[in-house]
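Notes for the one structure printed next.
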Amino acid sequence: MPTGANAKREAEYRKIERKFKKEGRYKGREEEVAARIVNKQRAAKGETKATHTPPRRSASRRKTRTSRAAPRRT
């Protein structure tokens, strides 16, 4: 688990990891998959610090290709 995760998420991580080991799912990758699941839940709830926002494009780049395309000949 990453640093900064609260006790609830740590417990959930351990529970998921034990469940995968008991069921025999994700052989050798139980820790990784459990961590990914918990991290995804943390990100969805806004508990993570870093958020990725795509760069804004200029107005000229927002135009669609169809609006700039040459008219079709009939």
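The values are calculated or read from the model by the stated rules, or taken from the named source; none is laboratory data. All figures in this text were calculated on a predicted structure; none of them were measured in a lab. Here Cβ is always computed from backbone atoms with ideal geometry, including for glycine, and neighbour counts include all displayed protein chains.
The residue pairs whose first member lies in region 11-33 and is in a helix (DSSP H, G or I) and basic (Lys, Arg), whose second member is surrounded by fewer than 12 Cβ atoms within 10 Å (Cβ to Cβ) and at pLDDT 95 or above, and whose beta carbons are closer than 9 Å, counting only pairs six or more residues apart or on different chains, do not exist in this structure.
In region 2-29, of all residues being small (Gly, Ala, Ser) and closer than 19 Å to residue 49 by Cα, the one that is surrounded by the fewest Cβ atoms within 10 Å (Cβ to Cβ) corresponds to 7. Once region 34-70 is narrowed to residues that are assigned to a helix (DSSP H, G or I) and among the hydrophobic types (A, V, I, L, M, F, W, C), the residue that is modelled with the lowest pLDDT is 59.
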